[in-house]
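Read-outs: derived from the displayed coordinates by stated rules, not from any lab. Model, not experiment: these values are computed from the prediction. Note that each Cβ is placed from the backbone with ideal geometry, even for glycine, and that neighbours are counted across all protein chains shown.
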Amino acid sequence: MTDGPITVFGGTGFLGRAITRELLEAGHSVRIAARSPHLPKDIDDGDPITLCRADIQDEDSVAQALEGASGVVNAVSLYVESRRLTFDSIHVEGAGRLARLAHAAGISRLVHVSGIGVDEHSASPYVSARARGEAAVLKAFPKATLLRPSVLFGPDDAFLTTLEKLTRLPAIPLFGQGEAQLQPVHVKDVARAVGKVLGPRPPAWRLFELGGEDAMRYRDIIRLVMAHLHRDHPLVPIPMPIWRMLATLLSPLPSPPLTHDQLSLLAQDNIVGPDVGTFTDLGIIPRSLRESLPGCLIPPEPRHH
């Protein structure tokens, strides 16, 4: 279908794997670019897929991964900073570097994955970096397509897996009153959106916000997961200042289970806004969280007395 491969940066991640599978099924050849690249588990013999060791922070390796490519997807994500990896180095400098080198290589199509709710003025370093990353991408590659998904879910995800563990508690703590609205989106639907953007008839929109069928309060998502798992525990509102204090206490850990950036995302609505492209513009009907749960979380076996 294409002359050269589509290079997927971050192709070994949760979303990157789904994008790779979608592009292969659409007839593209794919090059996975990652710091430690490996083939996805469900690859068939003969699939046109290659691996390339690349670090988005390294100019030469990025240029090498782009050589001969017909399109590029940036699905690189970083949620917790370390000494070597920072939100600025990955989401701003890295994204801008990739866009600049893709443009210089004459690549015509770049899809950059960001997230709903990005804001340069956010107090969250993660949210702010995501917004500045979008600006860096558009400055270097003005015709890039930006995709902003809501919180991703799917089999073996981070979102539902975390909620499943949470619903084992005798009482379930809420972030504030749990009123923030989320629009969880299936990872395969976001991958389908990437496929449409890189397809033979790319859409006119350059900015898409991708939310699932259900816009729900966080507390209602918890209730939905509990009902699916045959669990029933009380929901306990916890004021946000207490969560922030807890995040500060946990911050020295190598992989803290809770960060200030996660709290910023959970304290506000994360739903599709006005005046942007959506799944409708791509001809995609997104999956419902409610209907997708059986394929994502297996309820425990009933106990026999």
Take the Cα gyration tensor of region 85-208, multiply each eigenvalue by 5, square-root it, and list the three semi-axes largest first, rounded to whole angstrom. 31, 18, 12
Work out which chymotrypsin sites (Phe, Trp or Tyr not before Pro) in the chain are exposed loop sites (DSSP not H, G, I, E or B, at most 16 other Cβ within 10 Å) and give the longest gap free of them. 80-204
Which of THR280, THR167 has the fewest other C-beta atoms within 10 Å, and how do the rest follow up to the most? THR280, THR167
Going 7 Å from the Cα of LEU224 toward and past its Cβ, which residues in region 197-218 have a backbone nitrogen under 16 Å from where you end up? 210-218
Tally Lys and Arg at +1 and Asp and Glu at -1 over the other residues with C-beta under 12 Å from the C-beta of ALA104: what net charge comes out? 0
Calculated FRET efficiency, ASP88 and GLU67, Cβ-Cβ r, R0 35 Å, to nearest 0.05? 0.85
Out of region 71-102, which trypsin sites (Lys or Arg not before Pro) are coil in DSSP terms and have no more than 13 other C-beta atoms within 10 Å? ARG83, ARG84
Ellipsoid semi-axes in whole angstrom, largest first, where each is sqrt(5λ) of the Cα gyration tensor of region 1-133: 25, 16, 14
Rounded to the nearest 0.05, what FRET efficiency is calculated for THR162 and ALA123 with R0 set to 35 Å and r the Cβ-Cβ distance? 0.90
Can you give the net charge of the other residues whose Cβ lies under 15 Å from the Cβ of GLY68, counting K and R as +1 and D and E as -1? 0
What whole number of Å gives the distance from the Cα centroid of region 152-188 to the Cα centroid of region 11-50? 27
Under 22 Å from LYS143, Cα to Cα: lysines that are on another chain or at least 8 residues apart: LYS196
Distance histogram for the chain (every C-alpha pair counted, 10 angstrom bins, percent rounded to whole numbers): 6, 26, 34, 23, 9, 1, 0
Distance in nm between label sites at SER36 and ILE298, each 7 Å beyond Cα in the beta-carbon direction? 2.6
Contour minus Cα-Cα span, ILE284 to ASP3, at 0.36 nm per residue, comes to 98.5 nm
Looking at region 62-217, send over the antiparallel percent of its DSSP beta bridges, to the nearest 5. 15
Set the Förster radius R0 to 22 Å, insert the Cβ-Cβ distance between ARG244 and GLN268 as r into 1/(1 + (r/R0)^6), and round the FRET efficiency to 0.05. 0.95
Beta bridges by DSSP in the chain, antiparallel share as percent, to the nearest 5: 10
Just flag the trypsin sites (Lys or Arg not before Pro) in region 148-192 sitting in loop per DSSP whose Cβ has no more than 12 other Cβ atoms within 10 Å. ARG168
